[in-house]
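A short reminder: the numbers here are calculations on the coordinates, not readings from a lab. None of the values given here were measured: they were computed from a predicted structure. So basically every Cβ, Gly included, is an ideal-geometry build from the backbone, and we count neighbours across all protein chains shown.
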Amino acid sequence: MIRFVVRRLLQMCLVVLVLSMLVFAWLRSLPGGPVSAMLGERQTEERRAALEAALGLDQPLPVQYLKFLERAVQGNFGVSTKVLPGEDAFQVFLDRLPATVELSFLAMLLAIVLGIPLGYLAARRRGSLTDTGAVIFSLVGVAVPVFFTAFLLKYFFAVEWNLLPVSGRQSTGLDATRVTGMFVLDGVLTREWDAAWDALKHLILPSLALATIPFAVIFRITRAAVLDVLDEDYVRTAEAKGLTARVIRARHVLRNAMLPVVTTIGLQVGGLLAGAVLTETVFSFRGVGDALATAFREKDYPVLQVLIMAAAVIYVLVNLLVDVAYAIIDPRIRTR
Amino acid sequence: MTDPTSPQRRSYGSLRKDRIDQLATAGTVTEEPGVSLIRSAWHRLRRNPVFLIGAGITLLFVVLAAIAPWVAPWDVTATPLLDKVRPQSNPVPGPEAGHLLGADDRGRDLFSRLLVGSRQTLVVGVVATLFGLLGGLTLGTVAGAIGGWVDSLVMRIVDVMLSIPSLLLAFTVASLARNPSQWTLVIAIAIIQVPIFARLLRGSMLAQRGSDHVLAARSLGVRPGAIVFRHMLPNSLGPVIVQATLSLAVAIIDAAALSFLGLGNPDQRQPEWGQMLGRAQPFITEAPHLAFYPAGCIIVVALGFTLMGESLREALDPKSRR
């Protein structure tokens, strides 16, 4: 087990290292080089020269790369030029992270809570109306772009029926205490229930929109996996032994069918990160995704560097955790 | 599902890879004597309503895109209803005689823009998928045919590419463009498709290297190049075609997402569905239909390709033959 985790950690380091090389090469290829990327276009010659010397741009490439790595490890990526001008790029990431964590967590929770039972039900009643309906829904779900789902939800629930807030993370004028930066959690921790409720209302539409991506996939994988497992000999054996339907469902069918589903959930985190860029833009939800959208459009390179590296690290890390969870569920993997 | 104990299970991203690998072996075996895979697949497709609906939708949009500039009632850059645009009271002119769907916020005929917009969306989707296919085919064939360290090297590159969320990678590539144009979209979308096709083809090639027909060709003294191009590649194309059809849907949605964020063609005069959808955002209260129409088009086209791809997969998968 430990060897397994260590090997996977090494693999992850390799991916991150290759990615850092790509980011480094990319910065070098920019017009004006990394100096313009860090300071923006309009800067005095003195400041440019000072930064060039500080960055060691007069030294050979490998030395430059090592220096770049050193700064990256220290979280020093320069100063934001467009997203929050003047603010440290890494700080921008840290400030925005809780919002996106909160949003993605709720979206994933919704997708799992809806997707797994529905997938199971569809498989058990294969060919029924429930099954066909759910399959069609998931096919359409894949074809609808997430930014349009977001737009639709916003139009009906916020604009037309006025049930939920249109945008933002919390109503203006609400005096809430900040602890973690995750507004719902903050409200619960400080027992400011009105603040928690207000933040949750702001979260509902964006997370519903974001949940459609993982939901469609989780549903389809669960359905396929349950169908596969139902055909297995051990399920027939369990039935023949006279085990109750509940025991067969929990211990034999669901537990085995969950294996591919767990992996899928990890993979969907990548889709969530990209989906967050679009969803947060529609709802003006000030998270990492919204910052990324601005950084992409306005070419805020310091912020882009941090966010892209961070997104890749988070994605790889989550998948590592998923694989560990996988090893726990499936003992066969640990032994090899 | 593949065997859950297969060793690939362990690597991260394994399910996505497994799915690709699983596709790689579909459609390569012809068990039934006498009936070729393609003929039997075509026989099944012709009677499959799902395929017919998907193909019908696709054909309709392709024809519309082809004739759009000639049937569109207005020039897409003309602003016939500009004098009806009142920023305060009437930001988006509604339908009237000669303007079926009204105009957009700049007084341009919405119906004409929707019609002509299909061109850019379809062209970007198709060309990007073709480029991705070509890149992936080259890498996958080289890796699968040569093997050894070349295979390892190519596959490590592919793994790194698959370890970045694909749409995020497309955003990054698109934002790098110094002079953004329609080609920015094509390149960004093509790049994220390369690793998928490469992995798919390599798996399929590897599966065939040990197969009887390749062994037979080799013992007959057929040159290695001919084995790869005449015997291995044609037999690997089934899953590649399936993936390409499904990729078209994803490419169109991803391209729309890029345009939506403003990373696409900066020339706002030429219509594109994703960009129209993005521009409609501020008018959500006054004119939600500005978003509904282009979104509807994207959804229907993407659904057309998805239905076609899914039914092709079913038809080409010998396991599902009844």
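With each pseudo-label sitting 7 Å past Cα toward Cβ, what's the A:LEU163-A:LYS67 distance in nm, one decimal?
It is 5.8 nm.
Calculate how large, on average over all directions, the projected area of the Cα convex hull of the stretch B:103-151 is; give the answer in nm² to one decimal.
Taking the Cα atoms of the stretch B:103-151, their convex hull projects to 4.6 nm² on average.
So what's the angle, to the nearest 10 degrees on a 0 to 90 scale, between helix A:89-124 and the longest Cα principal axis of chain A?
It is inclined by approximately 10 degrees.
Please find the FRET efficiency linking B:ALA226 to B:LEU134, where r is the Cβ-Cβ separation and R0 is fixed at 25 Å, and quote it to the nearest 0.05.
Efficiency computed from Cβ-Cβ geometry: 0.75.
Shielding of A:134-147 by partners, i.e. mean partner chain Cβ atoms within 10 Å per residue?
5
Give me the inter-chain shielding for B:167-174: mean count of other chain Cβ atoms within 10 Å, whole number please.
6
State the extension gain, in nm to one decimal, for the chain segment bounded by A:LEU189 and A:ALA240, taking 0.36 nm per residue of separation less the distance between their alpha-carbons. Write down the numbers at each step before the final one.
Working: separation 51, 0.36 × 51 = 18.36 nm, distance 5.12 nm.
Fully extending the segment from A:LEU189 to A:ALA240 adds 13.2 nm.
Once you put a point 7 Å from the Cα of A:LEU109 and another 7 Å from the Cα of B:ARG178, both along the Cβ direction, what distance in nm separates them?
4.8
Taking the Cα centroid of the stretch B:206-268 and of the stretch A:282-301, what is the distance between the two, rounded to the nearest whole Å?
35
Please compute, for the alpha-carbon atoms of the stretch A:89-329, the extent along each of the three principal axes and give them in descending order in Å.
64, 40, 39
Given the C-alpha centroids of the stretch A:63-130 and the stretch A:154-187, what is the distance between them in whole angstrom?
Here the answer is 19 Å between Cα centres.
Out of B:GLN268, B:VAL250, B:GLN281, whose Cα points farthest toward the positive end of the dipole of the stretch B:198-322 (charges: +1 Lys, Arg; -1 Asp, Glu; placed on Cβ)?
The one lying farthest along the dipole's positive direction is B:VAL250.
Per residue of the stretch B:138-153, what does 6.51 cos²θ - 1.76 cosθ + 1.60 with θ = phi - 60° give for ³J(HN,Hα)? Whole Hz please, x for Gly and Pro, Karplus curve as stated.
Karplus-based 3J(HN,Hα) across the stretch B:138-153 equals 4, 4, x, 5, 4, 5, x, 7, 7, x, x, 5, 4, 4, 4, 4 Hz.
Would you pull out the residues with amide H under 5 Å of A:VAL79's amide H, same chain only if 5 or more places away, H placed 1.01 Å from N?
When sequence neighbours closer than 5 places are left aside, the close amide H contacts are A:ALA89.
For A:ALA250, project a label point 7 Å along Cα to C-beta. Then give me every residue of the stretch A:94-117 with its amide nitrogen under 18 Å of that point.
Residues passing the 18 Å test: A:117.
Rounded to the nearest 0.05, what FRET efficiency is calculated for B:ASP75 and B:ASP267 with R0 set to 22 Å and r the Cβ-Cβ distance?
Efficiency, rounded to the nearest 0.05: 0.90.
Tell me, what HN-Hα J-couplings in whole Hz come from the Karplus equation 6.51 cos²θ - 1.76 cosθ + 1.60 at θ = phi - 60° for each residue of the stretch B:276-283, using x for Gly and Pro?
4, 5, x, 5, 7, 3, x, 9
Treating the angle as unsigned and between 0 and 90°, give the value, to the nearest 10°, between the Cα long axis of helix A:45-55 and the longest Cα principal axis of chain A.
So the inclination is approximately 60 degrees.
Trypsin sites (Lys or Arg not before Pro) within the stretch B:178-253: which are DSSP loop residues with at most 15 other Cβ atoms inside 10 Å?
Hits after loop and neighbour filter: B:ARG178.
So how tilted is helix A:193-230 from the main axis of chain A? Cα-based, degrees 0 to 90, rounded to 10.
Between the helix axis and the principal axis of chain A, the angle is about 50 degrees.
Could you tell me which of A:GLN305, A:LEU273, A:VAL142 has its Cα farthest along the dipole of chain A towards the positive end, charges placed at Cβ (Lys, Arg +1; Asp, Glu -1), taken about the Cα centre?
A:VAL142
Using only the Cα atoms of the stretch A:257-336, construct the convex hull and provide its projected area averaged over every direction, in square nanometres to one decimal.
6.3
Over the whole of A:255-262, what's the average partner chain Cβ count within 10 Å per residue? Rounded to a whole number, please.
2
How compact and how long is the protein assembly as shown, expressed as Rg and Dmax of its alpha-carbon atoms in Å?
26.1, 84
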